[in-house]
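Participant: Following this message is one structure expressed as structure tokens.
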Amino acid sequence: QVQLVESGGGLVQPGGSLRLSCTASGSRFSIKTMAWYRQAPGKQRELVARIFSDARTNYADSVKGRFTISRDNAKNTVYLQMNSLKPEDTAVYYCYVNNEYRDYWGQGTQVTVSS
């Protein structure tokens with residue numbers, strides 16, 4: 001069973017930065033896509049950024065130019081560097097990975113952007 005351990009959330013002032021990390025362990029098969037989603041109160045979960053096994057990336061328009069997703073395949077870890085944070089970035093951030101058989105989700109980490 002694949003387990004995802006997330007870290008790096010917290011409270012930050014507008015304009016500040018945070019770096020989220022998520023490490024996948026226990027997969028018998030290669031991790032393919034790694035991604036970050038977020039869900040704000042009263043809203044649907046949305047894709048923030050994803051990175052494919054060939055290093056191609058996708059970003060939500062709302063975070064382009066501010067967030068950067070990266071991965072370390074040797075560590076099965078995905079990172080999300082978040083800069084110039086805004087109050088509207090406040091949400092629970094969820095790590096997502098898949099292999100060729102299943103999708104897996106992390107437990108979520110809270111990011112709060114407030115002065």
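Participant: Would you point out the residue of region 16-25, among those that are in a strand (DSSP E or B) and not hydroxyl-bearing (Ser, Thr, Tyr), that is surrounded by the fewest Cβ atoms within 10 Å (Cβ to Cβ)? Break it down into steps so the answer makes sense when it comes.
Facilitator: The initial filter retains those residues of region 16-25 that are in a strand (DSSP E or B), namely 18-25.
In the following step, the residues that additionally are not hydroxyl-bearing (Ser, Thr, Tyr) were identified as 18-20, 22, 24.
Numbers: LEU18: 21, ARG19: 14, LEU20: 23, CYS22: 25, ALA24: 22.
So the residue we want is ARG19.
Participant: Here is a list of conditions, (1) out of contact with any Lys or Arg (no Cβ under 9 Å at 6 or more places or on another chain); (2) open to solvent by less than 60 Å² (accessible area, probe 1.4 Å); (3) at pLDDT below 95, and ARG28 meets all of them except one; can you say which number that is?
Facilitator: (2) is the only condition that ARG28 fails.
Participant: Given the structure, is ARG38 under 12 Å from VAL111 (Cα atoms), out of contact with any helix residue (DSSP H, G or I) (no Cβ under 6 Å at 6 or more places or on another chain), open to solvent by less than 60 Å² (accessible area, probe 1.4 Å) and not in a helix (DSSP H, G or I)?
Facilitator: Yes; evaluated as a whole, the condition is true for this residue.
Participant: Which of the residues spanning region 72-83 are part of a helix (DSSP H, G or I) and either of a type in the set (Gly, Ala, Ser) or crowded, with 18+ Cβ neighbours inside 10 Å (or both)? Walk me through it before giving the result.
Facilitator: Filtering region 72-83 for residues part of a helix (DSSP H, G or I) gives 73-75.
Passing the criteria: only ALA74.
Participant: Conditions: (1) without any contact (Cβ under 8 Å) to a residue 40 or more places away in the chain; (2) surrounded by 12 or more Cβ atoms within 10 Å (Cβ to Cβ). ALA55 meets all but one. Number of the miss?
Facilitator: (2)
Participant: Between LYS43, LYS86, which is open to solvent by 40 Å² or more (accessible area, probe 1.4 Å), among the basic types (Lys, Arg) and free of Cβ contacts under 8 Å to residues at least 60 places away in the same chain? Let's see the steps before the verdict.
Facilitator: On the way: LYS86 fails: free of Cβ contacts under 8 Å to residues at least 60 places away in the same chain.
Answer to the selection: LYS43.
Participant: Identify, by number, the condition in (1) at pLDDT below 95; (2) polar (S, T, N, Q); (3) open to solvent by 80 Å² or more (accessible area, probe 1.4 Å) that GLN110 doesn't meet.
Facilitator: It is condition (1) that GLN110 fails.
Participant: Identify, please: which residue in region 42-71 is in a loop (DSSP other than H, G, I, E, B) and among the charged types (D, E, K, R) and is, among those, nearest to LEU4 (Cα to Cα)?
Facilitator: For region 42-71, the residue satisfying everything is ARG45.
Participant: Condition check: within 20 Å of MET82 (Cα to Cα), open to solvent by 50 Å² or more (accessible area, probe 1.4 Å) and either of a type in the set (Ser, Thr, Tyr) or in contact (Cβ under 8 Å) with a residue 24 or more places away in the chain (or both). Does GLN1 satisfy that?
Facilitator: Considered against the rule, which asks whether it is within 20 Å of MET82 (Cα to Cα), open to solvent by 50 Å² or more (accessible area, probe 1.4 Å) and either of a type in the set (Ser, Thr, Tyr) or in contact (Cβ under 8 Å) with a residue 24 or more places away in the chain (or both), GLN1 comes out as no.
Participant: Same structure, new question: Just name the residue that is nearest to THR90 (Cα to Cα) out of those in region 4-15 that are in a strand (DSSP E or B) and open to solvent by 80 Å² or more (accessible area, probe 1.4 Å). Write out each step before concluding.
Facilitator: Of all residues in region 4-15, those in a strand (DSSP E or B) come to 4-7, 10-12.
With the extra rule that they be open to solvent by 80 Å² or more (accessible area, probe 1.4 Å), the set shrinks to 5, 11.
Details: VAL5: 20, LEU11: 9 Å.
Here the answer is LEU11.
The values are calculated or read from the model by the stated rules, or taken from the named source; none is laboratory data. Values in this document were obtained by computation on a predicted structure and should not be read as measured data. Cβ coordinates were reconstructed from backbone atoms using ideal geometry, including for glycine residues, and neighbour counts include every protein chain displayed. Heavy atoms of the whole protein, side chains included, go into the accessibility calculation; ligands, DNA and RNA do not. Shrake-Rupley method; radii C 1.70, N 1.55, O 1.52, S 1.80 Å.
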